[in-house]
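J.: Below you'll find the structure I mean.
The values are calculated or read from the model by the stated rules, or taken from the named source; none is laboratory data. Not measured: the values here are computed from a predicted model. Neighbour counts run over all protein chains shown; Cβ positions are idealised from the backbone, glycine included. Ligands, DNA and RNA are stripped out before the accessible areas are found, and what is left, the full protein with its side chains, is counted by its heavy atoms. Shrake-Rupley method; radii C 1.70, N 1.55, O 1.52, S 1.80 Å.
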Amino acid sequence: MNRYPVWKYAIIVIALLVGFLYTLPNFFGEAPAVQVSSGKATVKVDTGTQRRVEDALKAAGIAPAGILFDGNSIKIRLSTGDEQLRAKDAIQKALIPDPADPAYVVALNLLSRSPSWLSAVGAAPMYLGLDLRGGVHFMLQVDMQAALTRKVESLSGDLRTAFREKNVRHSGISRNSQSIEVQLRDAQTLAAAKSVIADQFAELETTEAPLAGGEFTLTARIRATAARAIQEQALKQNMVTLHNRINELGVAEPVIQQQGLDRIVVQLPGVQDTAKAKDILGRTATLEVRLVDESTEGRAAESGTGPVPFGSERFLERNSQPVIVKKQVILTGENLTDAQPGFDNQTQEAAVHLSLDAKGSRIFRDITRENIGKRMAILLFEKGKGEVVTAPVIRSEIGGGRVQISGRMSTTEAHDTALLLRAGSLAAPMEIIEERTIGPSLGVENITKGFHSVTWGFLVIVAFMCVYYMMFGIFSSVALGVNLLLLVAVLSMLQATLTLPGMAAMALALGMAIDSNVLINERVREELRGGASPQAAINAGYERAWGTILDSNVTTLIAGVALLIFGSGPVRGFAVVHCIGILTSMFSAVFFSRGLVNFWYGRVKKLKGVSIGTVWRPDGGKDVAPSTRGS
Amino acid sequence: MEFFKFRKDIPFMRHALVLNVVSVVTFLLALFFLFHKGLHLSVEFTGGTVMEVGYTQPADVPKLRSVIAGLGYTDVQVQNFGTAQDVIIRLPTQKGVSSAQQSEIAFAALKASDAGATLRRQEFVGPQVGEELVTDGLKALAMVVAGIMIYLAIRFEWKFAVAAIVANLHDVVIILGFFAFFQWEFSLAVLAAVLAVLGYSVNESVVIFDRIRENFRRYRKMDTVGIIDNAITSTISRTIITHGSTQIMVLSMLLFGGPTLYYFALALTIGICFGIYSSVFVGAAIAMWLGIKREDMVKPVTQKGVDPNDPNAGATV
């Protein structure tokens, strides 16, 4: 009765093999590595870059232990930390001629030492959280109300223009927090205004209220769906901007994630200089529109034959072409509401479409009217250093706040310019609402602490189980070991983040998993005490204990899932391991340990006794001494 | 080896009243301290800045306190953390000063007074996050309570569900009472521990209830009190051993886990100890007073192979 069919043993063997395979990478440790990734949206890392890296290393006399190209970045594994630093310098020198304008991010990293065949099957070591490896964690809150207000502001400008074009005579448009109020004199103009809004402004919905004297107030609000889209876009744009800025920090594996509807989590493993990180995250890159100095002195300076005239400045375009620009700022990024790549309506050339807010469009119209045929420069200031994004010629007066930059541009260039222009400003202001810095030494300490907790607890439990339950104690201990193996394997497989609370959950999971085995062992003893034959006692012990084990695990799992749903940060790290631990314990403590018992005792035909420690009889009869297998 | 040798069932239920009075008194005391002293909530809940600073030699805490107080903070806590070299500094949120500046200014002041200071860890939490954590924590608690009650009501009976949840919520309140009385820091990790304890010690009640149900089926002549006594007696060995094993793990965390895991392990320790007490003495007694009967447990067996729509099904002549 205590026999498993072959397929059950097969499941156990497969589970053990898979578990072992995925646990394996954790034992290899990590090797120093250098990671090369793109530092600009316009620069792609490809096999050509890899060749350059290889050449640079060869020239420096460094033999890398391995070079890995994963589509986005090149990872160079090295044997020593010293070599890592030398390799970084060599690569930096080869790839980045101008340190002020890095096209690539060359960062120090750690790479798993596990052999490539393990990586090929997707086996990777557990992903350690910041508290175990050191680094910075930020949570940023995006001010969505500000994003909406800004959008409404720009829409009210557009509305004014549209009414003028369609000859709708209103007696005033005003923005009232997040709604636009239009005053209209009669029902006829009201109908006209409504049709304009319905035709051209799909994102607005209107309500009307009659005023005294036959006048009307038309209130336009952003539709809920449109508002959601605006918020999503604002969040995406902020994430893009953050990404660009973080690239400068040279972090190997930055994490930039959306959390909830209006939050962004940024994690920078290995970064210690929080002040710099905060400075870069919080920086407001500014965008400025200025006129190009077209005077003779200016032209001379541009061609390099004269000094830069008074009242002007010299900036470089992205292709290193100098441009002499007047110091007077016409517009700033604040007035720019959007920049999108697209095509010119007539020529089908690639173009960038800019949208300006009401104030911006008014200024822009005046400036363009007065400066037809001249050039205008759009500058992006970052780190206090300006760069000319583009310097187009003004062809005609531009009103309405819709600006198109076109000519001499490829589609990719249009795309990148739009990105740069958007990146210049955050879509909505952000503030840091949570911040955590963990020093690298503390991270290593935390790992050892967690490791010691698990190891010592595990050993003491194993010792106790073996003494108290003899052979069954050994089975239980092996099952507990398998539980740990599977838990680590599943965590490695899912690449769930392991934190210190996670390691605590691991220890706790083992402490709770032994509960199932104690239940079974006690039950088997009880059956033996009741006079059942050894085989029957084993069978009944497992059968009867199962219901209880299931109930108790489900209730524990309910608590785990609640923590997973409502927990954040450290609690979530705890909950993930806790839940997985419960599931693996059901397999190892019941299914696997039964397999062991069946394998050991199940084949014996006339089993005289089982080694489960002293089974004490209350009726004063002789205690059943521990015994080994019968004949 | 066998630790527990009981010749007869221990009459636990005879002392149920006394034991429950003890329980109620502890519970009320815990409630009193909880409301009177309140929890010493960590910065995660209240918002503010925490800095862990390491020194090369034992840190001079009073001096550090005066350095920080010199920056204009009224409510500053400076404590040793784990070792004599490490200190933890808690700063309340200041209006008009961003988190970035706050920790930088404070650390610059510390660095000025002792060049050997290193910033080991720094944490800032905005006030809005703290508020959310409190509501999320309460939601999680509500979900655990509701989930466990529903499961137990389906698996067993509503009386058991009520008894189990009362017994275990009583544990939770007592843990909180301890944290309030000793003014230990109540962090997110402790909250996780409290909820884990809730799930874990329900196990205990489940094991006993399971046995009560089985006994109702097996010993048809025994009365309810006898059945409960027998159920507790026959599971007590298992109860002590499993809790002992879990406690070994928790103890290991308490000893080796360092200051970060200290209160987490402490909450679990209290939870485990009171978990045994409450499921053995409180849970079963409440179920008894709610009036569990054999009929609640042993459902009349419906005959198989009988068409339920047949009006004459089961009819015998």
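J.: Sort out which residues of segment A:521-577 are open to solvent by 10 Å² or more (accessible area, probe 1.4 Å) and in contact with a Cys (Cβ under 9 Å, 6 or more places away or on another chain), and write them in order of number.
T.: A:L557, A:V561, A:L564
J.: Continuing with the same structure: Within the bounds of segment A:226-246, is there any residue that is surrounded by fewer than 19 Cβ atoms within 10 Å (Cβ to Cβ), touching a helix residue (DSSP H, G or I) at 6+ places or on another chain (Cβ under 6 Å), among the hydrophobic types (A, V, I, L, M, F, W, C) and without any contact (Cβ under 8 Å) to a residue 40 or more places away in the chain?
T.: Checked against the condition, which is being surrounded by fewer than 19 Cβ atoms within 10 Å (Cβ to Cβ), touching a helix residue (DSSP H, G or I) at 6+ places or on another chain (Cβ under 6 Å), among the hydrophobic types (A, V, I, L, M, F, W, C) and without any contact (Cβ under 8 Å) to a residue 40 or more places away in the chain, segment A:226-246 yields no hits at all.
Yes/no per residue for (1) within 14 Å of another protein chain (Cβ to nearest Cβ); (2) modelled with pLDDT of 90 or more:
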residue	(1), (2)
A:F464	yes, yes
A:L508	yes, no
A:G530	yes, no
A:N539	no, yes
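J.: Got a number for residues in segment B:143-171 being open to solvent by less than 10 Å² (accessible area, probe 1.4 Å) and within 23 Å of A:A504 (Cβ to Cβ)?
T.: 4
J.: Return the total of residues in segment A:59-106 being part of a strand (DSSP E or B) and open to solvent by 60 Å² or more (accessible area, probe 1.4 Å).
T.: 3
J.: Also, quick follow-up: When residues of segment A:476-495 are filtered for being part of a helix (DSSP H, G or I) and either open to solvent by 10 Å² or more (accessible area, probe 1.4 Å) or in contact with a His (Cβ under 9 Å, 6 or more places away or on another chain) (or both), how many remain?
T.: 11
J.: Here is a follow-up. Of the residues that make up segment B:158-166, is at least one charged (D, E, K, R) and either touching a Phe, Trp or Tyr at 6+ places or on another chain (Cβ under 6 Å) or within 13 Å of chain A (Cβ to nearest Cβ) (or both)?
T.: no
J.: Of the conditions (1) closer than 30 Å to A:Q178 by Cα; (2) surrounded by fewer than 18 Cβ atoms within 10 Å (Cβ to Cβ); (3) under 19 Å from the mean Cα position of the chain (by Cα), A:Q145 satisfies every one except a single condition; which number is it?
T.: Unmet condition: (3).
So that you can scan it fast, the table gives a plain yes or no per residue for (1) modelled with pLDDT of 85 or more; (2) in contact with a strand residue (DSSP E or B) (Cβ under 6 Å, 6 or more places away or on another chain); (3) in a helix (DSSP H, G or I):
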residue: A:T149; (1), (2), (3): no, no, yes
residue: A:S156; (1), (2), (3): no, yes, yes
residue: A:R164; (1), (2), (3): no, no, yes
residue: A:I173; (1), (2), (3): no, yes, no
residue: A:Q183; (1), (2), (3): yes, yes, no
residue: A:V196; (1), (2), (3): yes, no, yes
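J.: Let me ask another. Is it fair to say A:P125 is surrounded by fewer than 16 Cβ atoms within 10 Å (Cβ to Cβ) and either among the β-branched types (V, I, T) or outside any helix (DSSP H, G or I) (or both)?
T.: For A:P125, the condition - surrounded by fewer than 16 Cβ atoms within 10 Å (Cβ to Cβ) and either among the β-branched types (V, I, T) or outside any helix (DSSP H, G or I) (or both) - is not met.
J.: Let me ask something else. Taking the criterion of being open to solvent by 20 Å² or more (accessible area, probe 1.4 Å), farther than 20 Å from A:S406 by Cα, in a strand (DSSP E or B) and not β-branched (V, I, T), would at least one residue in segment A:343-365 satisfy it?
T.: Looking through segment A:343-365, none of the residues is open to solvent by 20 Å² or more (accessible area, probe 1.4 Å), farther than 20 Å from A:S406 by Cα, in a strand (DSSP E or B) and not β-branched (V, I, T).
J.: For residues that are within 25 Å of A:T241 (Cβ to Cβ) and at pLDDT 85 or above, tally how many sit in segment A:365-405.
T.: 2
J.: Here's a follow-up. Every residue in segment B:240-273 that is of a type outside the set (A, V, I, L, M), more than 9 Å from chain A (Cβ to nearest Cβ) and open to solvent by less than 10 Å² (accessible area, probe 1.4 Å), please.
T.: The answer is B:G271, and nothing else.
J.: A further question on this structure: I'd like to know if segment A:269-292 contains one or more residues that are open to solvent by 20 Å² or more (accessible area, probe 1.4 Å), modelled with pLDDT of 70 or more, closer than 26 Å to A:F364 by Cα and in a helix (DSSP H, G or I).
T.: No - not one qualifying residue is present in segment A:269-292.
J.: Can you pull out the residues in segment B:219-239 that are open to solvent by less than 10 Å² (accessible area, probe 1.4 Å) and free of Cβ contacts under 8 Å to residues at least 60 places away in the same chain?
T.: Hits for segment B:219-239 are B:I227, B:A231, B:T235, B:R238, B:T239.
J.: Taking segment A:1-48 on its own, how many of its residues are open to solvent by 60 Å² or more (accessible area, probe 1.4 Å) and of a type in the set (G, A, S)?
T.: Of the residues in segment A:1-48, 0 are open to solvent by 60 Å² or more (accessible area, probe 1.4 Å) and of a type in the set (G, A, S).
J.: Looking at (1) in contact with a helix residue (DSSP H, G or I) (Cβ under 9 Å, 6 or more places away or on another chain); (2) in a loop (DSSP other than H, G, I, E, B); (3) of a type in the set (A, V, I, L, M, F, W, C), find the lone condition where B:A112 falls short.
T.: Single failed check for B:A112: (2).
J.: Oh, and also: Among the residues of segment A:327-342, how many are open to solvent by less than 80 Å² (accessible area, probe 1.4 Å) and over 33 Å from the mean Cα position of the chain (by Cα)?
T.: 3
J.: Let me confirm something: among B:F179, B:F216, which residue is more than 8 Å from chain A (Cβ to nearest Cβ), touching a strand residue (DSSP E or B) at 6+ places or on another chain (Cβ under 6 Å) and open to solvent by less than 10 Å² (accessible area, probe 1.4 Å)?
T.: B:F179
J.: Out of the residues in segment A:448-462 that are more than 7 Å from chain B (Cβ to nearest Cβ) and open to solvent by 60 Å² or more (accessible area, probe 1.4 Å), state the one that is nearest to A:S516 (Cα to Cα).
T.: Among those that are more than 7 Å from chain B (Cβ to nearest Cβ) and open to solvent by 60 Å² or more (accessible area, probe 1.4 Å), it is A:L459.
J.: Further question on the same structure: Can you find even one residue in segment A:504-516 that is of a type outside the set (D, E, K, R), in contact with a Lys or Arg (Cβ under 8 Å, 6 or more places away or on another chain) and open to solvent by 10 Å² or more (accessible area, probe 1.4 Å)?
T.: no
J.: Turning to a different aspect of this structure: Out of curiosity, is A:L498 surrounded by 18 or more Cβ atoms within 10 Å (Cβ to Cβ), more than 10 Å from chain B (Cβ to nearest Cβ) and among the hydrophobic types (A, V, I, L, M, F, W, C)?
T.: yes
J.: In addition: Looking at B:D171, B:D210, can you tell me which residue is among the charged types (D, E, K, R), more than 8 Å from chain A (Cβ to nearest Cβ) and in a helix (DSSP H, G or I)?
T.: On the way: B:D210 fails: more than 8 Å from chain A (Cβ to nearest Cβ).
Only one candidate qualifies: B:D171.
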